[in-house]
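Reviewing the structure listed below.
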Amino acid sequence: MTKDVLLPVRFVVKVLSAVLDSVTDVLARVLGSSLVHCHFHLLLSGMVLFGPLLSLWVSKYNIFANSNHYLYRKFLRSAWGWTCIMTGSFILVLSLSCQRSLSLCLRHLSRVLLAGLLLWASDASSRFWRTLPGPATNSSPKKATFTSNQLLLHEDQTKASCIVPTCSGEGTKCPRTSSSSASAVC
């Protein structure tokens with residue numbers, strides 16, 4: 001009974017294996033040809049230049065086409081971590097299998113760690129400068145040319161104290177509140 005079931009499965013596996021072998025052989029010959037070797041950088045440049053044209057055919061319901069999608073934002077937050085995990089494991093396996101030197105492996109991994117620390121430091125400094133109150137961020141609403149709401153921080157305000165719920169959500173004075181902090185235009 002089990003031999004009858006395994007026979008078609010083995011046949012399908014052999015057919016798929018033969019297809020995989022033939023396709024990879026053809027791709028290896030095409031990519032290994034002198035024509036591709038001579039014009040590989042031209043091919044890459046064309047993909048970079050004309051790649052954004054593919055966005056015309058992307059569905060608006062795609063996660064990566066909508067920058068406000070929750071999963072898109074989660075993916076962007078975790079992208080650096082996954083990059084470090086994949087790069088670190090690749091470096092670890094490659095260094096230890098080829099050179100068998102732990103010091104060389106640690107030197108390469110320290111470069112990935114340094115890049116991660118630089119990314120974290122630049123992110124922290126940009127968050128600091130974005131939330132820094134004072135006259136540097138205080139601008140006149142008359143000079144504002146943007147149509148979106150702007151966060152105008154005065155010297156005695158922080159971002160947390162300035163963001164208060166309003167009636168219309170546009171930073172206008174709410175008639176139901178009488179406190180001066182809630183009626184501040186932010």
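Under 1.5 on a/c is rounded, so check that first for segment 12-57, then, if it is not, pick prolate when a/b is larger than b/c and oblate when it is not; a ≥ b ≥ c are the square roots of the alpha carbon gyration tensor eigenvalues. In terms of gyration-tensor shape, oblate. Gain on full extension, evaluated as 0.36 nm per residue between LEU106 and CYS38 minus their Cα-Cα distance, stands at 20.8 nm. Shown in residue order for segment 17-28 are the 3J(HN,Hα) couplings computed by the Karplus curve 6.51 cos²θ - 1.76 cosθ + 1.60 at θ = phi - 60°: 5, 5, 5, 4, 4, 5, 5, 5, 5, 5, 5, 5 Hz (x for Gly and Pro).
As an equivalent ellipsoid, segment 62-130 spans semi-axes of 31, 18, 5 angstrom, where each value is the square root of five times an eigenvalue of the C-alpha gyration tensor, largest first.
Placing +1 on the Cβ of every Lys and Arg and -1 on the Cβ of every Asp and Glu, with nothing else charged, gives segment 62-130 a dipole about its Cα centre of roughly 100 debye. Across segment 29-108, the mean sequence separation of Cα contacts (distance under 8 Å, 6 or more residues apart), normalised by length, yields a relative contact order of 10 percent.
Here the contact order of segment 62-130, divided by its residue count and restricted to Cα pairs under 8 Å and six or more residues apart, works out to 21 percent.
Residues in segment 111-118 carry Karplus couplings, in order, of 5, 5, 5, 5, 5, x, 5, 5 Hz; the curve used is 6.51 cos²θ - 1.76 cosθ + 1.60 with θ = phi - 60°, and Gly or Pro positions show x. Mind checking segment 79-117 for trypsin sites (Lys or Arg not before Pro) that DSSP puts in a loop (not H, G, I, E or B) and that have at most 14 other Cβ atoms within 10 Å? The qualifying sites are ARG100.
Among the chymotrypsin sites (Phe, Trp or Tyr not before Pro) within segment 1-65, those in coil by DSSP and having at most 12 neighbouring Cβ atoms inside 10 Å are TYR61.
Read-outs throughout are calculated quantities, based only on the coordinates presented, and are distinct from any laboratory measurement. Keep in mind the model is a prediction, meaning the values are calculated, not measured. As a convention, Cβ positions derive from the backbone with ideal geometry for all residues, glycine included, and neighbour counts pool all protein chains shown.
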